[in-house]
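Student: Quick one: structure below, then a few questions.
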């Protein structure tokens, strides 16, 4: 590949600029090094994985709603995984595990960051491409390999990994422990190693591009909040994924070489195993040191995307730009010192638990700052309810309703009761599941014209939004009450327990709500695919936004801008500025061209500019008097 | 004019790529930090210590690695002074020392396993940690050797000086990091003897 890359570069040098770029099918669509194409690859792979993970969730929802019923169709579809039309209990565990893994890592980490960081970082900071396009391409192909390996585990005899997406030992460390601990688990680990490699390559590239390749005038405080969010997300990934690797390496040694990092006093099928002296808690520490930052890796890009979209579609500057950035930084820093709140019931020293509790609850502060700023951005704006805007608002809604239960769960005293119940399931599906996927969908609707040069259908977008929004609440809200009643998560048939039988009707309700929301995604998929080919042609700046990506031509070119990269003169949120001719001023418009709307505040470090402004205002005043 | 802009952009881009290496070093550092903190958590939880004297060859390998850092430093200096023969000679020496480091580490494992009867599989996982940590570092060293080889081949092929220096710098950043992280790991293990 590297020879190809060198050759490519040579071509670009010989011709004027980058526009006449001779690509073969292979270098343009498959092994592309262009960040826009890689973004599309990530998006389409991410959406495919999301659909698969959603179908898995429908399968186990059917089991939860109808634990005693036989569905011959299931046996036809799944074969030995659903004997006599009922899901095999161990396969149920595999479904839960793979649903979680795919959604958290493959959709909301790679699908979200991979798509939008790749698309927007070079376009919004004003760069021709990423710092290392080759590494970027490699990042996608590692991700693709990880996807293939993860899905291939459905085709092995014993089925995919079944120990939950957190793969706690001993289940994950003993190949003989259960069906899902066998080859499926091995494949899970291999897939994850590829995935982490992909994430690191991507993240390293994002950080380097943001710090080194901004265009002239684009200082850090002129970057859109999307870029801030992607940048900090990438930093989180770069610092936390290696820790997961360390944990997984030790796990592999335990699985395959017989070491005892995590294992001690194990008896399998009446046979005493030779493991001695290990500690499963050690794995939890290593896992959650990644795992907690991971949930912010998932939500922060969604936050950045929503901030941008809400500002554009409220035709108002984002409220509290600096506060938004500092709260993102605050979340980034805090996310590294809260992992213990996943481990309150591991016999942790109560004092240590108290420390983790305090750090956890402090995260409510930056989160609330963000929430109030979003609401204040909407306040008295000229709101345009585009589908993207609706999804961004939906993201805020889920973030609030899911975030509030986070405060409950962050309390050690409450968590000891609520741990591993459906309350937790409800909490994280709202705050990081639904909120992040809504952020991602908002981004898809908003930047679709930039990616494919065409518009998505608005009516289908509205249908998609309302069904998904209502559906997600109907699915996850009742789970809070189940959790408060003590219903444990990951159980195959908890309604077999007399005390929980009454939840069967609720389970049926949730399943039908889930099926409805799943059907709503058909509207999205149809809209997405048909709009790529037949959508209305997009104009250069369909949303009348300020950021740099809308100054590029609709037709994609290698290098993004046909001539010189534009310089940046102002922050990205000059919407509805009093005195301006239009309700938006592009970042590339110099202050000298907008004298009527300039404010003294615009010239903080620029005394010459301030003087010019004062002179201009006094002449204006003089003219007024003459009149 | 156009060519000048192009050149400038390439230069900027090389800077960004160098930065990529720095960030990669952070990720590597986090990996080793995770191993050593895992070690500490394990010791704290089980109350076990390493309880062995580390093989002597680790001490020699440390010295070898430090010397290789010094030779690499002079190789970079020679490259900057356009003295390519000296650069290549010193790179050969550095590669030799790197391989010597590899051999000494392997000999250290041999001593551990065959002389001291301390195996990877041990109910005291701190001893397994010695193997895992040194293995992880060894894999990094192999990566470093590949970088050294690419610098050397670049210099032999007389690639443009900008690229030559760029490769040298990337190699140097990574190799010095390997040196420093090994000293950290070795001291960490020594303190936990």
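Student: What's the number of the only condition in (1) within 20 Å of the chain's Cα centre (by Cα); (2) more than 14 Å from chain A (Cβ to nearest Cβ) that residue B:114 fails to meet?
Tutor: (1)
Student: Go over the candidates A:441, A:463 one by one and state the one that is assigned by TED's automatic domain parsing to the domain that holds residue A:396, surrounded by fewer than 24 Cβ atoms within 10 Å (Cβ to Cβ), more than 17 Å from residue A:57 (Cα to Cα) and touching a helix residue (DSSP H, G or I) at 6+ places or on another chain (Cβ under 7 Å). Working first, answer last.
Tutor: Numbers: A:441 fails: surrounded by fewer than 24 Cβ atoms within 10 Å (Cβ to Cβ).
After applying the criteria, what remains is A:463.
Student: Working carefully through the options A:180, A:159, find the one that is more than 14 Å from chain B (Cβ to nearest Cβ), more than 24 Å from the chain's Cα centre (by Cα) and outside any helix (DSSP H, G or I).
Tutor: Numbers: A:180 fails: outside any helix (DSSP H, G or I).
A:159 is the lone residue from the list that is more than 14 Å from chain B (Cβ to nearest Cβ), more than 24 Å from the chain's Cα centre (by Cα) and outside any helix (DSSP H, G or I).
Student: Also, quick follow-up: I'm told residue B:150 meets every condition in (1) away from chain A (no Cβ under 14 Å); (2) touching a helix residue (DSSP H, G or I) at 6+ places or on another chain (Cβ under 9 Å); (3) over 17 Å from residue B:185 (Cβ atoms); (4) not in a loop (DSSP other than H, G, I, E, B) except one. Can you identify the failing condition by its number?
Tutor: Tallying (1) away from chain A (no Cβ under 14 Å); (2) touching a helix residue (DSSP H, G or I) at 6+ places or on another chain (Cβ under 9 Å); (3) over 17 Å from residue B:185 (Cβ atoms); (4) not in a loop (DSSP other than H, G, I, E, B), residue B:150 fails exactly one: (1).
Student: Being crowded, with 21+ Cβ neighbours inside 10 Å, closer than 25 Å to residue B:27 by Cα and over 21 Å from the mean Cα position of the chain (by Cα), is that true of even one residue in the range A:258-276?
Tutor: yes
Student: Does residue A:511 satisfy the condition of being closer than 30 Å to residue A:38 by Cβ and either in a helix (DSSP H, G or I) or in contact with a helix residue (DSSP H, G or I) (Cβ under 9 Å, 6 or more places away or on another chain) (or both)?
Tutor: No: the conditions fail for residue A:511.
Student: Looking at this structure, is residue A:304 in contact (Cβ under 8 Å) with a residue 40 or more places away in the chain, buried (at least 22 other Cβ atoms within 10 Å of the Cβ) and either more than 24 Å from residue A:118 (Cα to Cα) or facing chain B (nearest Cβ under 10 Å) (or both)?
Tutor: no
Student: Can you report the number of residues in the range A:332-353 which are in a helix (DSSP H, G or I), surrounded by 13 or more Cβ atoms within 10 Å (Cβ to Cβ) and in contact (Cβ under 8 Å) with a residue 40 or more places away in the chain?
Tutor: Qualifying residue count for the region: 8.
Student: What number of residues within the range A:159-199 satisfy the criterion of being in contact with a helix residue (DSSP H, G or I) (Cβ under 6 Å, 6 or more places away or on another chain) and free of Cβ contacts under 8 Å to residues at least 60 places away in the same chain?
Tutor: The qualifying residues number 7.
Student: Are any of the residues in the range A:386-395 buried (at least 21 other Cβ atoms within 10 Å of the Cβ), under 13 Å from residue A:299 (Cβ atoms), touching a helix residue (DSSP H, G or I) at 6+ places or on another chain (Cβ under 9 Å) and touching a residue at least 24 places away in the same chain (Cβ under 8 Å)?
Tutor: Yes, the range A:386-395 contains at least one residue that is buried (at least 21 other Cβ atoms within 10 Å of the Cβ), under 13 Å from residue A:299 (Cβ atoms), touching a helix residue (DSSP H, G or I) at 6+ places or on another chain (Cβ under 9 Å) and touching a residue at least 24 places away in the same chain (Cβ under 8 Å).
Student: Right, here's the next one. Please state which of the following conditions residue A:118 fails to meet, knowing it meets all the rest: (1) within 14 Å of chain B (Cβ to nearest Cβ); (2) surrounded by 24 or more Cβ atoms within 10 Å (Cβ to Cβ).
Tutor: (1)
Student: Something else: Scanning for something closer than 30 Å to residue A:129 by Cβ and either within 14 Å of chain A (Cβ to nearest Cβ) or modelled with pLDDT of 95 or more (or both), does the range B:52-67 turn up at least one residue?
Tutor: no
Student: Okay, next question. Only one of these conditions is not met by residue B:44: (1) more than 14 Å from every other protein chain (Cβ to nearest Cβ); (2) over 17 Å from residue B:190 (Cβ atoms); (3) part of a helix (DSSP H, G or I). Which number is it?
Tutor: Unmet condition: (1).
Student: State which residue is nearest to residue B:92 (Cα to Cα) when the search covers only the range B:153-173 and only residues that are within 14 Å of another protein chain (Cβ to nearest Cβ) and surrounded by fewer than 18 Cβ atoms within 10 Å (Cβ to Cβ).
Tutor: B:153
Student: Please find, among A:180, A:164, the residue that is over 22 Å from residue A:300 (Cβ atoms), at pLDDT below 95 and crowded, with 21+ Cβ neighbours inside 10 Å.
Tutor: A:180
Student: Right, next: Of the residues in the range A:387-416, how many are assigned to a loop (DSSP other than H, G, I, E, B) and under 16 Å from the mean Cα position of the chain (by Cα)?
Tutor: Number of matching residues: 0.
Student: Restricting to the range A:211-236, count the residues that are buried (at least 24 other Cβ atoms within 10 Å of the Cβ), facing another protein chain (nearest Cβ under 10 Å) and at pLDDT 95 or above.
Tutor: 1
Student: I need a count of the residues in the range A:207-230 that are touching a residue at least 60 places away in the same chain (Cβ under 8 Å) and not in a loop (DSSP other than H, G, I, E, B).
Tutor: Residues that pass the stated criteria total 12.
The values are calculated or read from the model by the stated rules, or taken from the named source; none is laboratory data. For clarity, every value in this text was computed on a predicted model and none was experimentally measured. Cβ atoms come from the backbone with ideal geometry, glycine included; neighbour counts cover every protein chain shown.
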